[in-house]
Amino acid sequence: MVLVACSSDRTSPSASGSGSASASQPASAATSPPPAGLPSFYGTPDPLPEGKPGDVIKTEPVTSTSLHGTLLRIMYHSRSVQDADIPVTGLIAIPNTPPPAGGFPVVTWAHGTSGIADTCAPSLTPDGYSRLANSLLDAGYVVAGTDYEGLGTRGSHP
């Protein structure tokens, strides 16, 4: 028997909102099903389109009642601990204010231990992190946060 738990005061995945995936994935591409218990966004294009680490695979808007900005769920290319091309999910929060000359500065947020199950991916229930994000959004920063390898996508979280 395996018991997996996530630590935080986050709400259920359905409370985080949802949207449509972006057109960054060709309509003819097949998609593998998402890990058990996750919404369709977490399904991975199969085969994975070519890309370099950081290249966006797809995005969707996320409805947040507590965030002082626009929130996007994102899937992007990364490298596994075995140096293979893999999809990883995360979030990008953008201030509601116009960008300054030269664009918004970016802060990368790295979450602490949240569990090793796919359902522990912070991008599933982002409202629990709004307080931290709001202080940065109010100061004019874009906030980017990763779920890390294996949280929200197939495969093991190392």
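Taken over the stretch 53-67, the criterion of being surrounded by 14 or more Cβ atoms within 10 Å (Cβ to Cβ) and not acidic (Asp, Glu) is satisfied by 56, 57, 58, 59, 61, 62, 64, 67. Being assigned to a loop (DSSP other than H, G, I, E, B), at pLDDT 95 or above and in contact with a strand residue (DSSP E or B) (Cβ under 9 Å, 6 or more places away or on another chain), is that true of even one residue in the stretch 104-117? Yes. Residues considered: 123, 135. Of these, the only one that is in contact with an Asp or Glu (Cβ under 8 Å, 6 or more places away or on another chain) and among the polar types (S, T, N, Q) is 123. Selection over the stretch 72-93 of residues that are among the polar types (S, T, N, Q) and either within 30 Å of residue 135 (Cα to Cα) or in contact with a Phe, Trp or Tyr (Cβ under 9 Å, 6 or more places away or on another chain) (or both) gives a count of 2. Only residues that are surrounded by fewer than 21 Cβ atoms within 10 Å (Cβ to Cβ), β-branched (Val, Ile, Thr) and part of a strand (DSSP E or B) were counted in the stretch 68-84, giving 1. Total residues in the stretch 85-97 satisfying the condition of being surrounded by fewer than 17 Cβ atoms within 10 Å (Cβ to Cβ) and closer than 12 Å to residue 152 by Cβ: the figure is 0.
None of 49, 34 is within 12 Å of residue 152 (Cβ to Cβ), part of a loop (DSSP other than H, G, I, E, B) and not hydrophobic (A, V, I, L, M, F, W, C) except 34. Scanning the stretch 98-115 for residues that are surrounded by fewer than 16 Cβ atoms within 10 Å (Cβ to Cβ) and within 23 Å of residue 43 (Cβ to Cβ) yields a single hit, 115. If I filter the stretch 133-142 for residues that are acidic (Asp, Glu), exposed (fewer than 15 other Cβ atoms within 10 Å of the Cβ) and more than 18 Å from residue 39 (Cβ to Cβ), do I get at least one hit? Yes, the stretch 133-142 contains at least one residue that is acidic (Asp, Glu), exposed (fewer than 15 other Cβ atoms within 10 Å of the Cβ) and more than 18 Å from residue 39 (Cβ to Cβ).
Okay, residues lined up against (1) part of a loop (DSSP other than H, G, I, E, B); (2) at positive phi:
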{"site": "58", "(1), (2)": "no, no"}
{"site": "65", "(1), (2)": "yes, no"}
{"site": "86", "(1), (2)": "no, no"}
{"site": "93", "(1), (2)": "no, no"}
{"site": "98", "(1), (2)": "yes, no"}
{"site": "135", "(1), (2)": "no, no"}
{"site": "145", "(1), (2)": "no, no"}
{"site": "152", "(1), (2)": "yes, yes"}
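The values are calculated or read from the model by the stated rules, or taken from the named source; none is laboratory data. This one's a predicted model, so the numbers in the text were calculated from it and none came from an experiment. Note that we place each Cβ from the backbone using ideal geometry, even for glycine, and neighbour counts take in every protein chain shown.
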